[in-house]
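A.B. asks: Have a look at the structure that comes next, please.
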Amino acid sequence: MHTFASSEGTTVTRIRHSLTAAATAVLLAPGVATASTTDSPNDAQLLLLLDSSGSMEDPDAEGEPKIDAAKAAVGTLVDGLNPDQQVGVRLFGGSVPLDEPREDKCADSELVVPIGSGNTDAMRDAVEAYQPLGETPIAYALQQAADDLGEEGNRTILLVSDGIATCDPDPCEVAEELTADGFDLVVHTVGLGVDQETRDQLECVADVAGGTYYDADDTDTLTTALTRISTRAFRPFQLSGEPVTGTVDPAQAPVLDVGRYVDEVGEEPLSYRVRRTLSQSTLHVSGTLRPDDDTGMSALNLVLETPDGRSCDLSAFAVWTAGSGDTFGSGSVNGVPASYRECGDVDELVLRVEQQSGARLAGQTIEIVVHEEPAPQDPAALPDADARPEWQDLAPGEPTASVVGGTSFNDPPTLEPGATYTSDIVPGEVLVFAVPVGWGQHLQALVDVPVPEEGVAQIIGTAGKVLDVGIVGPDRGDAVAHTADVPDLSGRTNLSAREGGRVAETSYVVQWRNRENASPADGADRAGEHFVVVSLVSDDQSSVPVPFSLVTEVLGEVDGEPTYLEAGEQPAAATQEARSSSEAGTDQSDDESSAEADPTEDASAAAPAEDGDARLLTLIWVLAGLGLVVALVGGYLLVRGRRFST
């Protein structure tokens, strides 16, 4: 919600879309361990932990030895590695024959390629020499692998095995011990042609170690699994930017120019001064959080004001976490003459970041992004704010590529409109994809989960799985126009173990004037990359990935692109006169109505919405302990979404 004042002090309230943890997705359960917000891809290390036991000689689904499938898949993975990436290879069960003493066989694990960069030739040689031989000492190999990786940075073990552990201790217990200290260690597992008992054990290892379990039957499926896991291991997990420290006193606040910054949310509201360099420009400011521990259902306000305290814009957004659930929340605010003249005239605006009552976000990293957009030569000549576009038929086609979604707005893969991509998502995960959208255009996105195969169907059938999709604008504001008018199609659905599920959303048409007049389309007020955000809400901790296809389409001709003012130029005279006339009319209207209405009426009318949100958030916190939070939060956000699009 936005509250801003006229030049005479009359308070006007408008509604602002904000991206919550379920406006694109509410993540209601633990499931995916996330790296610290201070980690970067340069900190990442990946260790391939490969089964070299005698059973790897057995045939795979294609009738070829499993060891050949493993060699081919690992070879493809190695070929796709960046030379700077830190990778190593450890084998287990490959040095001690089966007729040797058991204590020797159960300590059979060798680091054949130490973790490092630029070692792809050594890895290829190791894979070529890789042969099946002995027992399956998974627990011992995990302990050694953790020692190889050390205790610093974002560390990933990728375990591939075709059979259950044949040596004590239980590898699931060992994996839990290795990750119990909170270090950034994740263990992903791949079962190559395994039986149910082995699958259960490998799933358990992934579950307790914050990883993902993949089934593979042959070279192709194993290659897909290894590629997706390695991509996840090396993509950035962090909110990034120049470190700044906000202050309680706005006069002492740091100055933010155009760029990306990171700070920690304070117990008290923190302020930042956002510098304007162009007259009448729009200052777009966003805040994004990805909590690294359990903050429950917490909410944050972004407030943009003039230095004398007149409010230009306000955005409130919620962030849900539970256990190690992977989630984020984002909101954006604008400083633009269309909201209040001085918001576009002053050299600096003040950004205030504050927790809502009951929030537990203090100490969490917030990423603040500032973008300055020049003023158009003649805003009045630009197309009006657009109504919600009608949904156009869209369905998945033949897949053109497989893609791994990003973990934030900083690392999404860019999709080609009209192309169909395959991917997968782990319960509790948020994935981000980017699509370029021009002026006068809008974006449609459709996510389809096919009829689940047996392993996935079992997971979906035993626990609630809610699939969500949302669309976010270039400045990280909610751009969703909703598909409520399309039968049997919406942005959220309960997955079915028998039928899968399908979700879809459309954005508003991108127009400059979407930022005016309290438009619900203000998240789509600038051309550029729009973000499709996919999530899978779950009330269990399954690590089994759910496959899906994603197709997007950009509709409409490029139109309505503003011609921006050059430095020193002034807006069209007609625009200035219209603004002056509008202000005069506002003053007259205020004078005429003052005798009939309390001047605080508008302000007090806004309060119930904020209080109502707070009461609902409090109710959610209370009912969370009763196990009712999945249904309640979904209902809360649906109601809140309707009110925010009024």
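The values are calculated or read from the model by the stated rules, or taken from the named source; none is laboratory data. Quick caveat, the model's predicted, so the values are computed rather than measured. Cβ placement follows ideal geometry from the backbone for every residue including glycine, while neighbour counts extend to all protein chains displayed.
A.B. asks: Which residue is modelled with the highest pLDDT, if the candidates are limited to segment 440-459 and must be touching a Lys or Arg at 6+ places or on another chain (Cβ under 9 Å) and not in a strand (DSSP E or B)?
C.D. replies: Initial filter on segment 440-459 (touching a Lys or Arg at 6+ places or on another chain (Cβ under 9 Å)): 446-449, 451-452, 455, 457, 459.
Those left that are additionally not in a strand (DSSP E or B): 451-452, 455, 457, 459.
On the way: V451: 83, P452: 76, G455: 63, A457: 62, I459: 62.
Checked segment 440-459; the qualifying residue modelled with the highest pLDDT is V451.
A.B. asks: So, in segment 414-428, of the ones that are closer than 28 Å to G241 by Cα and touching a strand residue (DSSP E or B) at 6+ places or on another chain (Cβ under 6 Å), which residue ends up modelled with the lowest pLDDT?
C.D. replies: Checking each candidate, the answer is G428.
A.B. asks: Same structure again: Can you find, within segment 513-551, the residue that is farthest from W439 (Cα to Cα) among those that are of a type in the set (G, A, S) and modelled with pLDDT of 95 or more?
C.D. replies: Looking at the filtered set, the residue picked out is S549.
A.B. asks: Return the residue satisfying two criteria in turn: it lies in segment 223-250 and is touching a Lys or Arg at 6+ places or on another chain (Cβ under 9 Å) and at pLDDT 90 or above, and of such residues it is surrounded by the fewest Cβ atoms within 10 Å (Cβ to Cβ).
C.D. replies: In this case the residue turns out to be E242.
A.B. asks: Scanning segment 103-134 for residues that are in a strand (DSSP E or B) and surrounded by 22 or more Cβ atoms within 10 Å (Cβ to Cβ), which turns out nearest to the chain's Cα centre (by Cα)? Step through it out loud before you land on a result.
C.D. replies: To start, the set of residues in segment 103-134 that are in a strand (DSSP E or B) comprises 109-116, 134.
Imposing the further condition that a residue be surrounded by 22 or more Cβ atoms within 10 Å (Cβ to Cβ) reduces the set to 109, 113, 134.
Working: S109: 37, V113: 34, G134: 43 Å.
In this case the residue turns out to be V113.
A.B. asks: Determine, yes or no, whether D68 is closer than 17 Å to G163 by Cβ and in contact with a helix residue (DSSP H, G or I) (Cβ under 6 Å, 6 or more places away or on another chain). Quick ask: steps written out before the conclusion?
C.D. replies: Numbers: closer than 17 Å to G163 by Cβ: yes; in contact with a helix residue (DSSP H, G or I) (Cβ under 6 Å, 6 or more places away or on another chain): no.
Answer is no for this residue.
A.B. asks: Can you tell me which of (1) farther than 21 Å from Q85 by Cβ; (2) in contact with a strand residue (DSSP E or B) (Cβ under 9 Å, 6 or more places away or on another chain); (3) touching a residue at least 40 places away in the same chain (Cβ under 8 Å) is the one V160 doesn't meet?
C.D. replies: Going through the list (1) farther than 21 Å from Q85 by Cβ; (2) in contact with a strand residue (DSSP E or B) (Cβ under 9 Å, 6 or more places away or on another chain); (3) touching a residue at least 40 places away in the same chain (Cβ under 8 Å), V160 breaks only (1).
A.B. asks: Tell me, which helices (runs of 4 or more DSSP H) wholly within segment 135-212 include 3 or more residues that are among the hydroxyl-bearing types (S, T, Y) and over 31 Å from the mean Cα position of the chain (by Cα)? Explain how you work it out, then say what you get.
C.D. replies: Working: elements: 138-149, 171-179, 196-208.
Passing ranges: none, list empty.
A.B. asks: Scan segment 485-501 and report the pairs whose first residue is within 14 Å of Q444 (Cα to Cα) and assigned to a loop (DSSP other than H, G, I, E, B) and whose second residue is at pLDDT 80 or above and among the small types (G, A, S), with Cβ atoms within less than 8 Å and a gap of 6+ or a chain change.
C.D. replies: Final answer for the pair search is V486/A504; L489/A504; S490/A504; G491/G470; G491/A504.
A.B. asks: Of D51, D58, which residue is surrounded by fewer than 17 Cβ atoms within 10 Å (Cβ to Cβ), at pLDDT 90 or above, touching a Gly at 6+ places or on another chain (Cβ under 9 Å) and within 23 Å of P171 (Cβ to Cβ)? Break it down into steps so the answer makes sense when it comes.
C.D. replies: Details: D51 fails: surrounded by fewer than 17 Cβ atoms within 10 Å (Cβ to Cβ).
Just one listed residue meets the conditions, D58.
A.B. asks: Specify the residue that is surrounded by the most Cβ atoms within 10 Å (Cβ to Cβ); the eligible residues are those in segment 308-339 that are at pLDDT 85 or above and within 17 Å of M297 (Cα to Cα).
C.D. replies: S315
A.B. asks: Under the condition of being touching a residue at least 40 places away in the same chain (Cβ under 8 Å) and of a type in the set (S, T, N, Q), which residue from segment 383-405 is surrounded by the fewest Cβ atoms within 10 Å (Cβ to Cβ)?
C.D. replies: Q392
A.B. asks: What is the number of the single condition among (1) closer than 27 Å to V503 by Cβ; (2) part of a loop (DSSP other than H, G, I, E, B) that E367 does not meet?
C.D. replies: Status for E367: all satisfied but (2).
A.B. asks: If we keep just the residues of segment 460-487 that are over 14 Å from G501 (Cβ atoms) and surrounded by fewer than 24 Cβ atoms within 10 Å (Cβ to Cβ), which is modelled with the highest pLDDT?
C.D. replies: In this case the residue turns out to be H482.
A.B. asks: With the structure loaded, tell me whether V435 is among the β-branched types (V, I, T) and in a loop (DSSP other than H, G, I, E, B) or whether it fails that test. Don't jump to the end; show me each part of the working.
C.D. replies: Values: among the β-branched types (V, I, T): yes; in a loop (DSSP other than H, G, I, E, B): no.
Considered against the rule, which asks whether it is among the β-branched types (V, I, T) and in a loop (DSSP other than H, G, I, E, B), V435 comes out as no.
A.B. asks: Here are P389, P412, P417: which of them is farther than 21 Å from F317 by Cα and outside the structural domain of Q444 (by TED's automatic domain parsing)?
C.D. replies: Working: P412 fails: outside the structural domain of Q444 (by TED's automatic domain parsing); P417 fails: outside the structural domain of Q444 (by TED's automatic domain parsing).
Of the residues listed, the single one that is farther than 21 Å from F317 by Cα and outside the structural domain of Q444 (by TED's automatic domain parsing) is P389.
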